[in-house]
Every structure is written in structure tokens, then in C-alpha cells.
1. For Lys124, work out the one condition from (1) on the phi > 0 side of the Ramachandran plot; (2) surrounded by fewer than 17 Cβ atoms within 10 Å (Cβ to Cβ) it doesn't fulfil.
2. How many residues are surrounded by fewer than 21 Cβ atoms within 10 Å (Cβ to Cβ), within 19 Å of the chain's Cα centre (by Cα) and in a strand (DSSP E or B) if we restrict to the stretch 359-405?
3. Considering only strands (runs of 3 or more DSSP E) fully contained in the stretch 58-153, which possess at least 2 residues that are aromatic (Phe, Trp, Tyr) and closer than 30 Å to Val209 by Cβ?
4. If Cys610 passes every condition in (1) surrounded by fewer than 20 Cβ atoms within 10 Å (Cβ to Cβ); (2) assigned to a strand (DSSP E or B) but one, which one does it miss?
5. Only one of Ala266, Ala240, Ala257 is among the aliphatic types (A, V, I, L, M) and farther than 30 Å from Thr69 by Cα. Can you tell me which?
6. Only one of Val629, Val600 is surrounded by fewer than 17 Cβ atoms within 10 Å (Cβ to Cβ) and either out of contact with any Phe, Trp or Tyr (no Cβ under 6 Å at 6 or more places or on another chain) or without any contact (Cβ under 8 Å) to a residue 24 or more places away in the chain (or both). Can you tell me which?
7. Check whether at least one residue in the stretch 430-438 is at pLDDT below 85, over 20 Å from Lys333 (Cα atoms), among the small types (Gly, Ala, Ser) and in contact with a helix residue (DSSP H, G or I) (Cβ under 7 Å, 6 or more places away or on another chain), and report yes or no.
8. Quick one: count up the residues across the stretch 479-497 that are assigned to a loop (DSSP other than H, G, I, E, B) and touching a Pro at 6+ places or on another chain (Cβ under 6 Å).
Amino acid sequence: MTGSYTNSSTVRDNNTTMINGLYGPNSVNARTALAVQVSSANPTNGICYGPTGNPTTCAETNGFAQYVTLQQAYGVNGANPVAPLASSCGGAACEYYVVGNGNYATYNQVKPTFDSASITDEFKPNSKLTINGGLRFDSFSYQGADTSGTGARTLFYNAFNMDTCQDKSGNLYDKAEYGGSITETCAALGTAIGVPLTSINVTNPGGQVTQSSTEFQPRLGATYSLDPFTVLRASYGRYAQGPNSAFVQYDALQPNAPGLLYGTYAFNKFGFTSPDHAIQPEVSNNFDFSIEHQFKGDVSVKLSPFYRSTQGQIQQFYLNQQTGFVSGLNVGKQTSEGVEFELDKGDFSRQGLSARLTFAYTNSYINYTSLSNGSSVITPLNTGIANYNAYTSACAPGGKLYGKTQYGQSLCGSTASNQADSPCYTPAPSGGNGTADPTCAPGDIANPYWNAPPQGLLNPNANYPTFDILPQGIGSSYNSYGAPYVATFVVNERAGRFSVAPIFQFYAGQRYGAPATTEGIAPDFCGAILGTSPTGDPRYRYGAPGGGAYDAGSCSTNLTSGIPDVATGGFDGIGAFVAPSQLQAHLQLSYDASKNVTLVGNLTNILDRCFGGSQVKWAVANACGYGVVAGGATGAIGNVYNPGQAIQPYVNRPYEPGFQSFPFSFFLNAKIKI
């Protein structure tokens with residue numbers, strides 16, 4: 001019997017400051033906001049007021065509310081003076097309400113407590129059979145920090161719920177930015193802009209919320225000797241692993257936590273509407289069986305099939321790709337199944353020839369189940385594909401996809417500016433977007449996707465290769481983990497004091513590929529044309545019905561999930577391609593100089609070759625794998641360039657080749673017995 005207790009205090013503080021060159025002296029955002037104009041009668045009800053006392057959204061970045069910045073208050077960088085208060089705010093005197101002090105960070109102080117106890121026993125009813133049984137109990141408890149904050153926190157939660165709507169994919173719509181009133185219902189705004197919208201209703205329970213879960217895990221194993229040369233082994237075990245402490249709560253130092261949690265990190269898309277995330281332990285059921293047989297002489301064989309099914313598999317996904325900031329959530333059921341094989345001849349410590357061959361096949365896949373909000377982690381990817389389709393003529397009224405769905409999700413999303421599908425757009429003004437112009441008047445921006453073939457969605461019910469980090473955004477993750485086929489072959493010849501052992505290793509079958517790989521401009525956010533026709537322009541692969549070719553330097557917005565892979569013509573599937581196989585050869589030499597001294601020389605990577613894999617246009621000779629472009633900072637350049645510009649090769653393909661071979665090395669060791 002065993003027992004254990006573990007307790008810890010943790011701090012996660014990704015702090016930055018308001019002193020940042022990206023923000024001008026009068027720029028208002030969660031870092032720079034000091035105070036906002038509200039009504040003295042009810043300062044935290046979620047309504048902020050503009051310079052003239054007009055009720056408006058409290059979101060800092062859109063400039064509708066009257067804010068005072070830290071720079072203005074302290075005269076940093078020649079900031080403009082603070083504007084005077086309006087005469088009346090909501091029928092009462094206006095006042096400035098302090099909402100920030102410059103602190104800006106994702107922050108939590110989760111305290112995990114783990115308790116466990118187990119009991120095991122061994123039973124041997126006869127000389128041939130041995131049975132091992134056990135039961136383990138685990139308790140995982142996480143106490144979150146108090147997220148109540150100040151009155152400013154109350155203001156921003158009320159404001160976020162009043163200001164913001166969401167569509168069925170979790171995309172956010174600020175009422176003021178879409179021309180709506182903050183008192184207008186989301187349903188009414190959705191009707192006005194042609195997108196069904198609902199309220200978001202995020203909450204901040206405050207206090208120290210504790211999440212707890214318990215798991216009982218039985219284990220059973222048995223060994224049976226059929227005869228002196230044959231042994232059967234079988235086992236079953238249930239195993240639990242608690243989630244990362246940082247995953248169970250997300251808060252912020254600044255009062256405007258909802259703007260970070262749901263605006264920047266979009267936790268609402270995954271069904272989270274409060275700082276506390278109910279992440280459950282992963283629980284797996286493991287089965288394996290083996291048969292071991294010793295043949296007459298010095299040859300033996302072992303065959304071991306295995307199966308593991310994990311419920312509540314925790315999948316990591318990027319919150320911020322450039323900084324490597326990730327979170328995790330229970331996404332579905334993962335299965336790993338396969339077989340291991342081992343063949344042995346002789347004894348490596350004895351004179352003569354001996355050898356060992358091992359081979360393992362592992363089929364690992366995951367089925368993404370529905371999250372608490374009814375979506376899955378595949379939904380945002382499909383939303384990106386549907387939003388691309390929205391620019392094609394197939395999604396225009398009367399088009400073949402208009403009003404159609406696939407896997408219960410619309411095939412036609414919304415364009416970046418929510419304009420109607422159009423072959424052309426008027427040039428976008430500075431900081432804004434153009435409007436749809438079906439006439440394609442002179443000077444209009446030609447839509448490069450209008451004649452392009454629409455794309456199908458990913459099947460949310462399919463099985464997908466397993467990835468360490470979900471390949472959800474451009475540059476996020478393109479390689480699955482593990483290789484399905486792994487083999488090792490060792491031959492050893494010992495003659496007197498000398499032995500030589502060639503070693504061969506082989507890996508094959510790893511998958512790579514992701515839907516979001518390629519950057520693409522949003523034509524309704526381009527401000528100028530080049531003065532040339534789209535005809536012959538390589539960015540207009542499918543031509544254009546009219547208008548001028550866009551100037552990429554004038555385009556202020558790219559599509560969130562990008563455009564189809566230029567090399568394949570579609571959004572690649574998750575793990576759509578097979579990586580090259582890799583073969584390595586090494587050599588070990590050994591010499592017994594005396595009964596107390598043995599010299600061992602290892603020559604590694606005498607041979608290191610990569611070959612095979614999917615036959616693709618971006619294949620590079622001797623590449624051992626393909627991963628993210630530019631370390632995940634960007635994707636393939638797609639159509640974000642102007643004709644004639646020099647393009648670096650590494651951004652001109654969807655996947656960056658990796659040359660994972662290792663140099664030849666020689667190591668000499670002396671083993672001395674005293």
C-alpha cells in the first residue's frame with residue numbers, strides 16, 4: 001500500500017508594459033488606458049460615453065469612447081492634453097473612472113493539490129500462473145485565484161457583454177464597429193448585417209474557485225508459462241493524468257480581462273465563458289498481450305499487440321504563435337494501437353554471432369468530439385474555409401453553394417468586412433474597408449477569388465493523425481508526433497577479445513500537413529490598384545471579371561485562415577502527406593585489452609539517408625521532413641506580393657524542408673574495472 005500528497009503554489013505572469021514603441025502618445029488600448037468617461041449615477045453598468053456625452057462602447061481600440069491615456073496624464077512623448085468632460089452622461093454628471101495603471105499580462109495563481117493511494121498484490125496459484133492486481137485512487141484539485149478585481153473589472157465585463165455579439169462559430173462582432181447601437185439586440189444587428197448573431201454573456205464569478213476530480217484505476221496483469229520455452233503475458237490498466245495547472249484558469253492583470261480572454265484569445269470558441277476552465281484529467285484504458293517463445297538452440301521471438309484508448313485527450317493549441325503561448329483542453333478520444341516484434345539470436349556477451357531485430361508499428365489517431373458549446377476544434381478551421389468560399393461566385397446568391405451546408409456548417413462564411421460577395425470592391429479608405437461593387441467600375445479592386453473553385457470542409461467526425469499542438473492557424477504546427485514504423489537491427493560478432501556490431505535504424509510513415517498554410521489578402525481591405533489588368537497576373541490564377549489588379553502594399557488585412565495551398569489547389573487535410581523515411585547506420589567496436597580494461601569505439605551516422613514520402617511539388621532532395629515556415633511566424637506568401645518582387649524561396653512553398661540528418665561522429669571510451 002502506498003499513498004502520497006502533493007501541494008504547490010504557482011504563478012504565471014506574462015507581463016509587458018505600456019512603454020512600447022508600437023503605441024503612439026494618444027493610442028488607447030488595454031496597456032495605455034488610464035480612465036474612461038462614464039455616468040456618475042452608475043459608473044460600472046457597462047456604458048461609456050463619447051466626447052459629446054453620447055453613449056457608446058467601452059472597447060478601447062475603436063476610439064468611440066472618451067478615454068484618458070497614461071501618456072496624456074503624465075505628459076509622456078508630448079501627448080495631447082486631456083479633453084474636457086461632456087456636460088451630461090446618461091442624465092447625470094460625467095466623470096472619469098480609473099480603469100488601468102499600465103499593467104498588462106495573462107496572469108494566474110493556481111494552487112494544485114494531488115492526493116493518491118494504491119494497493120497491489122501478487123497471487124501465484126501454481127507454478128505456471130502469476131497474477132498481479134491493484135487499485136489506484138487519484139484526486140486532482142486546483143484552486144484558482146480570486147478574479148474579482150476592482151470596480152473597473154466589473155465595468156469591463158458588463159461592457160463586453162453589452163458591446164459584443166458572436167456568430168455560431170464564435171467570431172466576435174462589436175456593435176459599434178458594425179454600425180449598431182450598444183442597446184440594440186444581437187439578433188437585430190445580425191438581421192441588419194446578414195449574419196445570425198447571439199449574445200456572448202461571459203461571466204466573472206470571482207472568489208477562489210476550486211475544481212476537483214477523482215479517478216479510480218484498476219490494474220490487472222497475468223503471466224502463464226505454457227511450457228519451459230513459451231510464456232504468455234497479458235495486462236489491463238486504467239491510468240489518469242491531471243491537466244496542466246496553467247490550463248484551468250486564465251486571468252489578466254489589467255481590468256479589461258474579457259477583451260484579452262475572448263477578443264485576443266477567443267476562448268469562447270472553445271466553450272469557455274469565464275476565467276475558470278473545467279479541464280478534466282485524461283483517462284486511458286490500456287491493453288496488451290505478448291507471447292514469448294524460445295526455439296531450440298539460441299533463437300527466441302516475442303510478439304506483443306497493444307491497444308490504448310484515451311478519453312478526454314488534452315490537446316494543446318496556440319494562443320499566440322509568435323511567443324509560443326499555448327493552452328489546452330479536452331478535445332476528444334485518442335486511440336493508439338499496434339504491435340511490437342522482437343527476434344533474438346545468441347548472446348551478445350558470448351563468443352560467436354548474435355543478432356537482434358525489433359520492429360514496432362503504431363497507429364495513433366484522434367477523434368475530435370463536441371465541446372461544451374456544441375462545436376469542436378475542427379470548427380474554427382472550417383469557419384476559415386467557409387470565409388474563403390464567401391469570396392467566390394459559388395457563394396453569391398444563385399451560386400452552387402449559396403445556402404448550402406456540409407457537416408452541419410455553412411459552406412459560405414462571411415468576408416473580412418462582411419460585405420456581400422462581389423467580383424470587385426471599391427478601394428478601401430485608410431483604416432477601413434471598401435464596399436462591394438458588382439459593376440467593377442474603373443479603379444475597383446478585382447477579387448482574385450471570384451472565379452476560384454470553392455473548397456469543401458473538413459469532416460469533424462473523421463479520425464485524424466495526432467499532433468502535439470493542434471494545426472489550427474497559419475504557421476501553427478504541421479508535423480504529427482511519432483513514426484508509425486520503427487525498426488532496429490543489430491548484428492554482433494565476438495571473436496576472442498574483439499567484437500564488432502553494425503547497427504541499423506529505420507523510421508517511416510510520419511504524417512504532416514495542415515489546412516492553414518498560405519497567406520492571402522482580403523480584397524475588400526485593399527486601397528489601391530497597380531494600374532494593370534488582372535489578366536496574366538500570377539495572383540489571379542482563375543482570372544477576374546473586371547477591375548484592376550490590387551497593390552499588395554495597400555492591403556491592410558489578410559484572411560485569418562489563409563487561402564488554399566497554391567501547390568495543391570486546396571486546403572490540405574490534417575496530416576495529409578507522408579514524410580520521407582530515414583535510414584541510419586552505426587558501428588560499435590569493442591576490444592578487451594585486459595581483464596580490467598575494455599576499449600569501446602562508437603562510429604555514429606556512418607550512413608544517414610532520407611528518401612521516399614509523398615510526391616509533392618515542394619519536395620527537396622535529401623529533406624528528412626517538412627515543418628512550419630519561418631518557425632511559425634508566417635506561412636507561404638500566397639498572393640501577398642506584387643508581380644516582379646523578389647520572393648525568398650522559404651516563403652514560396654507551404655512547408656519548410658527540414659534536414660534532420662546528423663553528422664558522422666566517433667567516440668572512444670575506456671571501461672576500467674578496479
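The values are calculated or read from the model by the stated rules, or taken from the named source; none is laboratory data. No experiment lies behind these values; they were computed from the predicted model shown. Heads up, the Cβs are rebuilt from the backbone with ideal geometry, glycines too, and the neighbour counts pull from every protein chain shown.
1. (1)
2. Adding up the residues that qualify gives 3.
3. Working: elements: 67-69, 94-98, 104-108, 111-123, 129-143.
Hits in the stretch 58-153: 104-108, 129-143.
4. Unmet condition: (1).
5. Values: Ala266 fails: farther than 30 Å from Thr69 by Cα; Ala257 fails: farther than 30 Å from Thr69 by Cα.
On inspection, the qualifying residue turns out to be Ala240.
6. Details: Val629 fails: surrounded by fewer than 17 Cβ atoms within 10 Å (Cβ to Cβ).
After ruling out the rest, the residue left standing is Val600.
7. Keep residues of the stretch 430-438 that are at pLDDT below 85, which gives 430-432.
Filter once more, so that each one left must be over 20 Å from Lys333 (Cα atoms): 430-432.
Now narrow it down to the ones that are among the small types (Gly, Ala, Ser): 430-432.
Filter once more, so that each one left must be in contact with a helix residue (DSSP H, G or I) (Cβ under 7 Å, 6 or more places away or on another chain): none.
Scanning the stretch 430-438, I find no residue that is at pLDDT below 85, over 20 Å from Lys333 (Cα atoms), among the small types (Gly, Ala, Ser) and in contact with a helix residue (DSSP H, G or I) (Cβ under 7 Å, 6 or more places away or on another chain), so the answer is no.
8. Quick first cut of the stretch 479-497, residues assigned to a loop (DSSP other than H, G, I, E, B) only: 481-484, 496-497.
From the residues that got through so far, the ones that are touching a Pro at 6+ places or on another chain (Cβ under 6 Å) too are none.
Of the residues in the stretch 479-497, 0 are assigned to a loop (DSSP other than H, G, I, E, B) and touching a Pro at 6+ places or on another chain (Cβ under 6 Å).
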